[in-house]
Amino acid sequence: MSDVLNFDENCVFCRIIKGDIPSAKVYEDELCYAFRDINPQAPTHILVVPKAHIQSVAEIDGENEALLVGHMFTVIAKIARDEGLEGGYRVISNCGPDAGQTVPHLHFHILGGVKMGERMV
C-alpha cells in the first residue's frame, strides 16, 4: 500500500495511490505514482500524479514547485524512455472543469505511440 500525503477519501486518484482502487502501475516512488489510463486516448496513455493531494496546476506554489515541476517531469521523461517513445510524446495537464479536468487531483497525461497532429484541439 502506498503512502498518500493529504489523503482525500473522495478523490479517485488518492484511492488509487493508496491501493483501494486497482490500477496498472507503471512507476512509483516516495513522491509520485504513475499508472495506465483506463480509457486510453493513444497507444501509450499514462497518468503521473503526485502523492500529495493537490487539486491542479493552479495550486503549484513555492512550497511544492520543486516536487511538481522538477521531480515529476524527470519521472515523465524516464517513463517515456522506458515506454520506447523515441519519436516523441505529448504531456498534458487539464486545469479546472472548463479545461476538461474530471478528477480534482493534479495529474499529467503522457500520450504517445502514434503520430499526433500539430493542433492541440
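Every number here is computed from the coordinates shown, using simple stated rules; none is lab data. Quantities reported herein were computed from a predicted structural model and do not represent experimental measurements.
When N is the residue count of the chain, what does its C-alpha Rg come to as a fraction of 2.2 N^0.38 Å? If you can, show how the numbers build up before the last one.
On the way: Rg = 13.8 Å, N = 121, 2.2 N^0.38 = 13.6 Å.
This ratio for the chain stands at 1.02.
Expressed in nm to one decimal, what extension gain is obtained for the pair residue 114 and residue 7 from 0.36 nm per residue of sequence separation less their Cα-Cα distance?
Numbers: separation 107, 0.36 × 107 = 38.52 nm, distance 3.50 nm.
Extra length available between residue 114 and residue 7 comes to 35.0 nm.
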